[in-house]
Amino acid sequence: MNLLFIQKEGVDLYSTLLSSETSRGILRFYRPVRTQFGVIIENATLGNALSLASEISWYIRRYTSDVLLELSPDLFCTLDFALDIYKREIKMKETWDFTKLIGIRDGFVSAVLYIQPHSSKEDYPGFEESFDTVFEVWCCKDEWTENFSENTTGTESG
């Protein structure tokens, strides 16, 4: 299970985390891996991943545009969704209706698209072709509803 920290534009998140004595102390038992879009940190359990995210929440607010949890290969979710799983408010299923696509270009979030229920990134080939990396991310119903209904196109640029 991986935590993916997507850096804000203009931030080298890996260097930022390693240059701070506080974050180095928090991460001393982890091995952060630099990626083109930020940092990945492997965690053994969902509870451990949520705890780590909580411990470095100040860095998250200041230096990241998004934090995702990779539940299994190519299955990503928001921290709120992961917390609902942890609190047993959501049961994992094969599919999920409330999803967003995050488009990464040149190492930073370029666009976020809240997609229609019962669809996937394959249903949006134009979006996927526009970016270096696209994450399909499961969201809580409230997260999705708030952001999908704000935009008639379902699109929000980052």
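The values are calculated or read from the model by the stated rules, or taken from the named source; none is laboratory data. Since this is a predicted model, take the numbers as computed values, not measurements. Ideal geometry is used to build each Cβ from the backbone, glycine not excepted, and the neighbour counts take in all protein chains shown.
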Next item on the list: Taking only the range 17-33 into account, find how many residues are within 13 Å of N2 (Cα to Cα) and out of contact with any strand residue (DSSP E or B) (no Cβ under 6 Å at 6 or more places or on another chain).
Entry: 1
Margin query: Just the residues that are touching a Phe, Trp or Tyr at 6+ places or on another chain (Cβ under 9 Å) and of a type in the set (D, E, K, R), please, taken from the range 49-73.
Written below: D66, E70
Next item on the list: List the number of the failed condition for D132; all other conditions in (1) of a type outside the set (V, I, T); (2) surrounded by fewer than 16 Cβ atoms within 10 Å (Cβ to Cβ); (3) within 22 Å of N2 (Cα to Cα); (4) without any contact (Cβ under 8 Å) to a residue 24 or more places away in the chain hold.
Entry: (4)
Check: Exactly one of (1) at pLDDT 95 or above; (2) surrounded by 18 or more Cβ atoms within 10 Å (Cβ to Cβ) is unmet by L71. Its number?
Finding: (1)
Next item on the list: Just need a number here: residues in the range 1-17 that are in a helix (DSSP H, G or I) and either surrounded by fewer than 15 Cβ atoms within 10 Å (Cβ to Cβ) or of a type outside the set (A, V, I, L, M) (or both).
Entry: 3
Check: Of all the residues that make up the range 89-125, how many are in a loop (DSSP other than H, G, I, E, B), small (G, A, S) and within 24 Å of Y63 (Cβ to Cβ)?
Finding: 1
Notebook entry, point to check: What pairs come up if the first residue lies in the range 69-80 and is closer than 14 Å to L101 by Cα and without any contact (Cβ under 8 Å) to a residue 12 or more places away in the chain, the second is part of a strand (DSSP E or B) and of a type in the set (F, W, Y), and their beta carbons are under 8 Å apart, counting only those six or more places apart or on different chains?
Noted result: none
Item checked: Neighbours by Cβ (under 7 Å, 6+ apart or cross-chain): first from the range 82-105, of a type in the set (V, I, T) and buried (at least 20 other Cβ atoms within 10 Å of the Cβ); second assigned to a loop (DSSP other than H, G, I, E, B) and modelled with pLDDT of 90 or more -> T99/C139; I104/F37; I104/F131; I104/D132
Next item on the list: Within the range 89-121, count every residue that is farther than 20 Å from E146 by Cα, at pLDDT 90 or above and charged (D, E, K, R).
Entry: 2
Next item on the list: Report the residue count in the range 34-51 for those that are of a type in the set (S, T, Y) and under 10 Å from F5 (Cα atoms).
Entry: 1
Checklist line | Every residue from the range 18-49 that is crowded, with 17+ Cβ neighbours inside 10 Å and either of a type in the set (D, E) or closer than 22 Å to F135 by Cα (or both) | finding: P32, T35, F37, G38, V39, I40, I41, N43, A49
Margin query: of a type in the set (K, R) and in a helix (DSSP H, G or I): is that true of R24 in this structure?
Written below: yes
